[in-house]
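Remarks on the structure that follows.
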Amino acid sequence: MTPAAIVSRRLSRALLLVVLLAALAGAFVAAADMREAGRLLERTDWARVPPALLLTAVSYASVSAALVALCGPMGVAAPRGPMMRIAVISVAVNNLVSFGGVAGYSLRAARSRPHGVATGHSLAMSLTHAYLNNLFMFVLLAAGLFLLVGDSAMDPAWRRTLEAGGMLAVAFVLLSTAAL
């Protein structure tokens, strides 16, 4: 057996062990709070669950498609199908276990390489995608804060706090854009 196969087998076993431990921890936490979980399930409006799941799936697909759409402008000539699968998995990893996208970016770079995508191109696409995604989120945050400020029933102290938060969000958008 080659050293690479041994490392691959060990990595697969370690990954399986991590998944099993996470599932066991989740089951333990769920079992420890069964009474509260039962109350939550009783109060759940189940009619809202399918639309929420559908919108979540559309969101993941859209974020992933946006990353794949960056292939052209970034000069990456890779097949769209594998890149979309890589994008969906790496976006999910970023949202689940990652600080700053490092795990998802690394996964994206490693899985894109066999499809002819250089690591530098993969990271450039990832950083551009993250910037655009965060830019949009900060714009939504600022817009939401300014919409709340427009409420005439808003307490003046809260209004000033929200205005300051909105101004900070706008300032961050401008500074990060200038830095990029």
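The values are calculated or read from the model by the stated rules, or taken from the named source; none is laboratory data. Just so it is clear, the model here is predicted, and its values are computed rather than measured. Glycine also receives a Cβ, built like all others from the backbone with ideal geometry; neighbour counts cover every protein chain displayed. Surface accessibility is based on the protein's heavy atoms, side chains included, excluding ligands, DNA and RNA. Shrake-Rupley method; radii C 1.70, N 1.55, O 1.52, S 1.80 Å.
Observations
- Pairs meeting the criteria (first residue in region 120-135 and open to solvent by less than 40 Å² (accessible area, probe 1.4 Å), second residue assigned to a helix (DSSP H, G or I), beta carbons under 7 Å, at least 6 apart or on different chains) are 122/108; 122/109; 122/112; 125/67; 126/105; 126/108; 129/66; 129/67.
- Residues that are touching a residue at least 12 places away in the same chain (Cβ under 8 Å), surrounded by fewer than 14 Cβ atoms within 10 Å (Cβ to Cβ) and within 30 Å of residue 8 (Cα to Cα) do occur in region 66-78, at least one of them.
- The set of residues in region 136-180 that are surrounded by 14 or more Cβ atoms within 10 Å (Cβ to Cβ) and basic (Lys, Arg) contains only 159.
- Residue check, residue 102 open to solvent by less than 20 Å² (accessible area, probe 1.4 Å) and free of Cβ contacts under 8 Å to residues at least 60 places away in the same chain: no
- Considered as a group, the residues in region 43-61 that are of a type outside the set (A, V, I, L, M) and surrounded by 10 or more Cβ atoms within 10 Å (Cβ to Cβ) include one that is farthest from the chain's Cα centre (by Cα), and that residue is 44.
- Whichever residue in region 1-51 is outside any helix (DSSP H, G or I) and acidic (Asp, Glu) and, among such residues, is modelled with the highest pLDDT: 45
- Restricting region 10-42 to residues that are farther than 26 Å from residue 91 by Cα and among the basic types (Lys, Arg), the residue that is surrounded by the most Cβ atoms within 10 Å (Cβ to Cβ): 39
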